[in-house]
Every structure is written in C-alpha cells, then in structure tokens.
Amino acid sequence: MTVLLLSDARSIHTVRWANALTDSGCKIHLVYFPNHENVSGDLDPRVGLHPLPFLDGRVHKLLNAWALHRIYRKIRPDVVNAHYASNYGTLMRTAHLRHTVLSVWGRDIYDIPYEGWRSMYVIRKNLKSAQLLASTSHCMAEQTRRVLGRNVKVAITPFGVDLNRFTPPLSKKNTKEIVIGCIKTLEEKYGMKYLIQAVRLLIDHLSETGNSDVSSCIRCRIYGSGSQRKELEELITQLNLSDSVRLMGSVPHNQVPDVLSQMDIFCVASVLDSESFGVAAVEASAMALPVVVSDVDGFREVVEDKVTGLIVPRQDPAAMAHALEQLVLNPNLRTELGVQGRRRVEALYNWEDNVKQMLQVYDSASKGEHK
C-alpha cells in the first residue's frame, strides 16, 4: 500500500507513524510545509520526502494545494492521511484528493475551533471533507463530534508504546533518593509550575509529620525545553528547591526509556483538555512506573485511577502533593500501580497493535468507505 502522509516532519509523532508504517510494508511519502522539515535525522531513509514550495498561509494556500495535487498524481497513493485538522487538513481539502483520512491531534480540535467563527468554520469544513476521521483517543473522538455538531464515526488509532523498548528495568535503583520525574515541553499547557509547587508542599509536609529522613530524599527531575524555562528556574529558586528540583533539558525520544528507568514516580500536571491522549503517561506505565496526573481528558482515559495511578484535580498543587506523598511513603503501592499500569499498556497500547489499527483504517479508506 502506498500512503501519502501530510504532516509536520519535525514531530516525533509523525516520525513514529512514518517509520512504523514503512516497517509494516507500506510505501510512505511525506509532504510537509518547508518550515516543518525534519532535521533530527530519525526518519527512515525509505520515506519519500516532499517539501511544499510555500509556508502555510492564505496567500499561498492554492499554490501549495496545486503542488500537492501534482505530487498526488505522480505517486498515485492508495490513501492520503492528513495529520492535524487545521493546516494539513485545509491543505488536503483544498487539493481535492481521494481516499482521504484526517487524523485529529489535540489543539486542532480542542482549542483552534474556539478562536473565532472563521476557525470553527474551517475546522468543520476540513472534517466534513475527509472520507474518514481518526483519533488517538475516545475522548478526542467525542470532542470531534461536538465540533461537527453531529454523530459521526471516528476510528480510534492510539499512539501507543513499543513494548520491546519500553521495558521495566530488571533491578531497582541503588540509591535512597525518591525521584519524581516528568518529560514534557516547558509550556503553560503542561502545568510545570504546579508540579514544582506540589514538590515544595510535599517536602514541607513530610518534614512536619516526622518524615524528615524521607523529605531529604525527594528529588524532582523535569525533562524538556520550552519558553517557560526561565520562569520555572526563578520559581525553583523562589521556593528554595534548588537542591531538590532540576530542569534537565530536552531528551531525544530514543533515550526516554533510560530516563524513565531512573524515576520512581512519574507526574504530569497538564491544565488543558487538548492533552488528548497522554502518551507520556502511557510510556511511564509501560516502564511499570506509578503515575500521578491531572484530570485532563487524555489522562483520564489512559490512567485508571487508584489502579494504575492517581488522578488529581488540575491546577491543584495541594492535591498533587497529597497523591505524591501516598506513593512516596508506600513502596508497595508504587509497585502495585506500576505492575497494573504495565498490564494496561500491554492490553490497550501495544504499538504493534496500534499500527495494525491504522492500517485497517487505510484499508477502509482505499475501498471507498465513508464515515
């Protein structure tokens, strides 16, 4: 099967789909805006790369669509899959292609439609024009239906985990430190300030309740880059947490399992429902880590509260500190939640199974089935 992907070549999500589909036997061609070029070198060399001539925008919309149509006629793909309902969805619709799948991602369906009437109009038009729709989660599929204003079929294609790479370590860390970790972009959406505030409250409460020996062992390691780094550094200093909390910088995706293996608890404090799948929590669960997450849509779907992790109200550092304290003081609970988390990932988010689910969607699209 020949598949034409329209997606941001810089994104690890795009890279993983393109590489996995290539490994499954598909011939993949990737079309992207020129400022979305992959520079990390992690794309399979068998993937055909087709940068568009112009940046995304109203002025060059028709010229990019014409360029895409030329690529389409040359390749003659069995399926076209646009990832993201706004820019690449608009590109696919404007080019008038056949056998189309539109995969929604998060912000494109939770946030952009509500930026104004024109944004809602464009997103709805893009969704309606696609032959089939796909979503990584049930909650985002439901949000897609809310935007459309009607009940339509949305295929669920989870963005799961390679269980051969994300494997729990055979031996425990040889240290008394209790490491609370997070791997996320340092942006407002991911609520890093609430995690840092929660760590301060956690350490203080442990000391006040006669657990000073434990409080001295608490470490928080936050991996990621972003525009909030300076602000978060200032918050760490202000809360006198320089010895306990560190911003570790970004980490390549192929090193994520090694980083997770050094943690005892994984914690994410996202504040927006456009955190629509929660792959970071899934990866942590695959490593048999207990997770503490905020109650945004994606985490409520991938984390089973009190079974694989603990779910707390968003923007509530006190509630997060309380959940962390339960895990810090109870190693057996950490182990049990981690074991159950791994089992849940094996059952629902095995990457090999998820790729097969996407291939089934492609097969339906190539046969002319509609939503």
| request: For the range 1-78 and the range 276-338, compute the distance between their C-alpha centroids and round to whole Å. | output: 36 Å
| Principal-axis tilt of helix 351-366 within the chain, Cα atoms, nearest 10 degrees | 20 degrees
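Before I look further, what does the range 238-332 give for accessible area per residue, probe 1.4 Å, in whole square angstrom? The partial results should precede the final answer.
Details: 3490 Å² over 95 residues.
Computed with neighbouring chains in place, this is 37 Å² per residue.
Among Lys306/Lys356; Lys173/Lys193; Lys74/Lys367; Lys27/Lys153; Lys61/Lys125; Lys61/Lys128, which pairs are too far apart, with a Cα-Cα distance over 22 Å?
On the way: Lys306/Lys356 30 Å; Lys173/Lys193 27 Å; Lys74/Lys367 20 Å; Lys27/Lys153 27 Å; Lys61/Lys125 15 Å; Lys61/Lys128 19 Å.
Over 22 Å Cα-Cα: Lys306/Lys356; Lys173/Lys193; Lys27/Lys153.
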| Which value in Å does the Kirkwood hydrodynamic radius of the range 317-357 take, with 1/r averaged over all unlike C-alpha pairs and then inverted? | 12.0 Å
| field | Virtual spin-label span in nm between Lys27 and Leu55, 7 Å along Cα→Cβ | value | 3.5 nm
| Over its Cα atoms, what ratio of radius of gyration to 2.2 N^0.38 Å does the range 148-276 give? | 1.25
| task | Please turn the phi angles of the range 103-115 into ³J(HN,Hα) values with the Karplus equation 6.51 cos²θ - 1.76 cosθ + 1.60 (θ = phi - 60°), one per residue in order, whole Hz, x for glycine and proline. | result | 9, 8, 10, x, 4, 5, 10, 8, 10, 4, x, 9, 7
| said: Between the range 119-176 and the range 187-227, what is the separation of their alpha carbon centroids in Å? | reply: 29 Å
| How high is the FRET efficiency between Asn164 and Arg10 when r is their beta carbon distance and R₀ equals 25 Å, given to the nearest 0.05? | 0.50
| Interchain or long-range residues, amide H under 5 Å from Cys220's placed H | Ile180, Val245, Arg246
| note | If one builds a Gaussian network model of the chain from Cα atoms under 10 Å apart, the most fluctuating residue listed among Trp117, Trp351, Trp105 is Trp117
| Sparse-neighbour loop sites [trypsin sites (Lys or Arg not before Pro); the range 1-62; at most 12 other C-beta within 10 Å; DSSP] | Arg46, Arg58
| query | What list of ³J(HN,Hα) values in whole Hz, one per residue of the range 208-224 in order, does the Karplus curve 6.51 cos²θ - 1.76 cosθ + 1.60 (θ = phi - 60°) give from phi, with Gly and Pro shown as x? | reply | 5, 9, x, 10, 4, 5, 6, 4, 6, 9, 6, 10, 10, 10, 10, 9, x
| field | Virtual spin-label span in nm between Val39 and Asp363, 7 Å along Cα→Cβ | value | 4.1 nm
| Counting each DSSP H run of 4 or more residues in the chain as -39500 (n - 2.57), what helix-only mean residue ellipticity at 222 nm follows after dividing by all residues, to the nearest 500 deg cm²/dmol? | -13000 deg cm²/dmol
| remark: Largest fluctuation, Pro113, Pro169, Pro45 only, Gaussian network model of the chain with Cα springs under 10 angstrom, belongs to Pro45
| task | Please list, in chain and number order, the residues 5+ apart from Leu49 or on another chain whose amide H is under 5 Å from its amide H, with Hs placed from the backbone. | result | Leu30
| query | Whole-Hz Karplus ³J(HN,Hα) for the range 60-77, in order, using 6.51 cos²θ - 1.76 cosθ + 1.60 and θ = phi - 60°, x for Gly and Pro? | reply | 9, 4, 5, 5, 5, 5, 5, 5, 5, 5, 5, 4, 4, 5, 6, 7, 6, x
| Rounded, prolate or oblate: which fits the range 39-106 when a ≥ b ≥ c are the square roots of the eigenvalues of the alpha-carbon gyration tensor, with rounded for a/c under 1.5 and prolate only if a/b beats b/c? | rounded
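The values are calculated or read from the model by the stated rules, or taken from the named source; none is laboratory data. Quick caveat, the model's predicted, so the values are computed rather than measured. Positions of Cβ are generated from backbone atoms using ideal geometry, with glycine treated the same way; all protein chains shown enter the neighbour counts. Heavy atoms of the whole protein, side chains included, go into the accessibility calculation; ligands, DNA and RNA do not. Shrake-Rupley method; radii C 1.70, N 1.55, O 1.52, S 1.80 Å.
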